[in-house]
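Taking it in order: structure first as structure tokens, then the write-up.
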Amino acid sequence: MITTPKQKAWSKAIAQPATEFDSTPLSIITGAIPPDLRGSLYRNGPARLSRDGERVGHWFDGDGAILGVHFTDDGATGVYRYVQTQGYLEEEKQDKFIYPNYGMTAAGAFWNNLLKPVKNAANTSVLALPDRLLALWEGGKPHALDLQTLETVGIDDLSGLKDKHSFSAHPKIDGVTGEIFNCGVSPGASTTLNLYRCDSTGKLQQHNSHSLSGLPLIHDFCLAGQYLVFLVSPVRVDLASVFFGQKSYSDAMKWKPELGTEILIFERDNLSLVSRNQTDPWFQWHFANGYVDENNNIVTEFTRYEDFDTNQYLKEVASGQTETSAPGTMWSLVIDPQSAKVISNQQISKICSEFPLVSPNKVGQPWRYTYLNVHRPGVSHGAELFNAIAVFDRETKNMAIADLGANCYPSEPVLVPGQNDSERGWLLTVVYDGNTDHSEVRIYQSDRLFEPPVCRLALPSVIPPGFHGTWKQLNQ
């Protein structure tokens, strides 16, 4: 593919559908695999953005494919497979888009939008359980996959998920108890927010629900001590235009700042509502983490956008050519849990960033280091994907950035905690190198990002830029 002046090197990674590969030994480009790195890295993202010459309407529409990288005493092997969803299999057979999706209406007559369900793209995140891997998507049930081969087993109901309930893409795993908390939104005449608590094996233990006003876009939430925190931004979907095929979900979303941001606080033990309140309007996709401080207030940090232009930018990504600038920055919000009243709300970093993560051992607890994607110094947000990884030190307020070089695009960095430090260790990221049109895995020492990676592993084919991943320790 030849890029135009407006197109960037990353566009080559999504120009063609990604190519699967079975279990393959990965060759070392530089360095050596750390001897204590034993387990599996899993990553999910949209891998097919076109069929028969037609492009998807939004980056979120691409069929999901999972990358698994297994580290053992014998070295590293990789496997990459599309999730075999019903929609993927049917559209693969006919080689055309059929189903409605986040940014697409159904092919054919308008009534197909009523007859066909929105396609479960299984393309957003992964949840590694003791006996299976779950491919997660915003609006439906997860798909279970084999942990080693990534073969799709089928839809997983977590031993109790109701038929029309979704299990969203950002579950929170308590690092101490292993409990899994998640949510899902059920649209309709009355929109319902469903809350779930599962045990460490993924078995549903408790469910509760809460009515919402209109149909908002809830992508993520926060576990903070004994609370679940939701910040419901003022985006609402015009459902009528979706049902009658006039607009896709994405195009039917309206930014309504006059509604403000709704704060919902739930008790984690029984999933009941503790408090609710309204505050200033903003939008956020992702939380970093949260905890309860010494004053019994909730502290939560997230990537904040001043409006919903971020959705237009992500829509443009699917075309390989972006122009909209929608920078997000890290903010800290302190809330009184009993009243949901905002005590403070302030920006903690001016650097454009996204995909914030903390150590899995610190989820819901006080933490020091946040790992995230950022832009290289001097790079404009609107034209580029994130092209560096970083660690933000909440104690010193400093941001250490690993500059990967021009035309190199890392995925969300995943921390593998060290044996002697629960917040530092190995930082893993999958990188697309637009200079050579290849993908690789890079392993960094998390407290020495200014140094070259300790190891680089070549991947057999290009892995398109994706969304979220996780680490599963060997024999965990």
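The values are calculated or read from the model by the stated rules, or taken from the named source; none is laboratory data. The structure displayed is predicted, hence computed values, not measured ones. As a convention, Cβ positions derive from the backbone with ideal geometry for all residues, glycine included, and neighbour counts pool all protein chains shown. What goes into the accessible areas is simple: the full protein's heavy atoms, side chains included, and nothing from ligands, DNA or RNA. Shrake-Rupley method; radii C 1.70, N 1.55, O 1.52, S 1.80 Å.
Relative contact order of segment 318-357: what whole-number percent is it, with Cα pairs under 8 angstrom and at least 6 residues apart?
Dividing the mean separation by the residue count of segment 318-357 yields 40 percent.
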ask   = Looking at the chain, which longest stretch skips every one of the trypsin sites (Lys or Arg not before Pro) that is in a DSSP loop with at most 10 other Cβ atoms within 10 Å, leaving the sites themselves out?
value = 1-349
Mean separation of Cα contacts under 8 Å, 6 or more apart, over the residue count of segment 79-228: relative contact order % = 14 percent
key: Where the chain is the region considered: accessible area per residue in Å², 1.4 Å probe   = 39 Å²
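How much length is gained if the chain between Ser200 and Ala107 is pulled fully straight, taking 0.36 nm per residue apart and subtracting their Cα-Cα distance, in nm to one decimal?
Using 0.36 nm per residue and subtracting the Cα-Cα distance, I get 29.4 nm.
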request  = Using a 10 Å cut-off on Cβ atoms, rank the peptides 139-145, 317-323 from the highest mean neighbour count down.
outcome  = 139-145, 317-323
query = How about segment 394-476: which GluC sites (Glu not before Pro) there are in a DSSP loop, with at most 13 other Cβ atoms within 10 Å of their Cβ?
reply = Glu395
request  = Would you calculate the separation in nanometres between label points at Lys350 and Ala15, each defined as 7 Å from the Cα along the Cα-to-beta-carbon direction?
outcome  = 3.8 nm
message = Probe radius 1.4 Å, ligands and nucleic acids left out: which of Phe167, Phe60 has the largest accessible area, and how do the rest follow?
response = Phe60, Phe167
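For Lys164 and Ser209 in the same chain, what is the full-extension length gain: residue separation times 0.36 nm, less their Cα-Cα distance, in nm?
Stretched out fully, the Lys164 to Ser209 stretch lengthens by 14.9 nm.
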request  = Could you tell me the accessible area of Trp255 in Å² (1.4 Å probe, neighbours in place), rounded to the nearest ten?
outcome  = 70 Å²
ask   = Which lysines have a Cα lying under 28 Å from the Cα of Lys203, excluding residues fewer than 8 positions away in the same chain?
value = Lys119, Lys141, Lys162, Lys164, Lys172, Lys362, Lys472
remark   = The correct ranking of Thr30, Thr124 by accessible area at 1.4 Å, largest first, is Thr30, Thr124
key: Length released on extending from Gln473 to Glu92, taking residue separation times 0.36 nm less the Cα-Cα span   = 133.8 nm
inquiry  = Just want to confirm a number: the relative contact order over the chain, from Cα pairs under 8 angstrom separated by 6+ residues, in percent.
reply    = 16 percent
remark   = In whole Hz, the Karplus estimates of ³J(HN,Hα) for segment 361-366 (6.51, -1.76, 1.60; θ = phi - 60°; x where Gly or Pro) are 6, 10, 4, x, 10, x
task = On the protein heavy atoms, probe 1.4 angstrom, tell me the percent of accessible surface of segment 235-301 carried by carbon and sulfur.
result = 44 percent
ask   = Rounded, prolate or oblate: which fits segment 153-239, taking a ≥ b ≥ c as square roots of the Cα gyration tensor eigenvalues, rounded meaning a/c under 1.5, else prolate when a/b beats b/c?
value = oblate
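Let me know the shape class of the chain, please: from the alpha-carbon gyration tensor, a ≥ b ≥ c as square roots of the eigenvalues, rounded when a/c is under 1.5, otherwise prolate if a/b is greater than b/c, or oblate.
In terms of gyration-tensor shape, rounded.
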inquiry  = What distance in nm separates the two pseudo spin-label positions at Ala240 and Asp393, each 7 Å out from Cα along the beta-carbon direction?
reply    = 5.7 nm
query = What list of ³J(HN,Hα) values in whole Hz, one per residue of segment 147-152 in order, does the Karplus curve 6.51 cos²θ - 1.76 cosθ + 1.60 (θ = phi - 60°) give from phi, with Gly and Pro shown as x?
reply = 5, 8, 8, 6, 5, 6
query = So what are the ³J(HN,Hα) numbers for segment 413-425, from phi and the Karplus equation (6.51, -1.76, 1.60; θ = phi - 60°), rounded to whole Hz, Gly and Pro as x?
reply = x, 10, 8, 9, x, x, 5, 10, 8, 6, 10, 10, x
query = Using modelled amide H (1.01 Å from N, peptide plane; none on Pro or chain starts), what sits under 5 Å from the amide H of Ala224, excluding residues fewer than 5 places away?
reply = Val229
key: Reach of Lys341 by Cα under 19 Å, taken over aspartates and glutamates that are not fewer than 8 positions away in the same chain   = Glu258, Glu262, Glu267, Asp280, Asp293, Glu294, Glu301
task = Just grab the label-to-label distance for Val153 and Leu114, each label 7 Å out from Cα along the Cβ direction, in nm (one decimal).
result = 3.8 nm
query = Where does the charge balance sit around Tyr432 when Lys and Arg score +1, Asp and Glu -1, over other residues with C-beta under 15 Å from its C-beta?
reply = +1
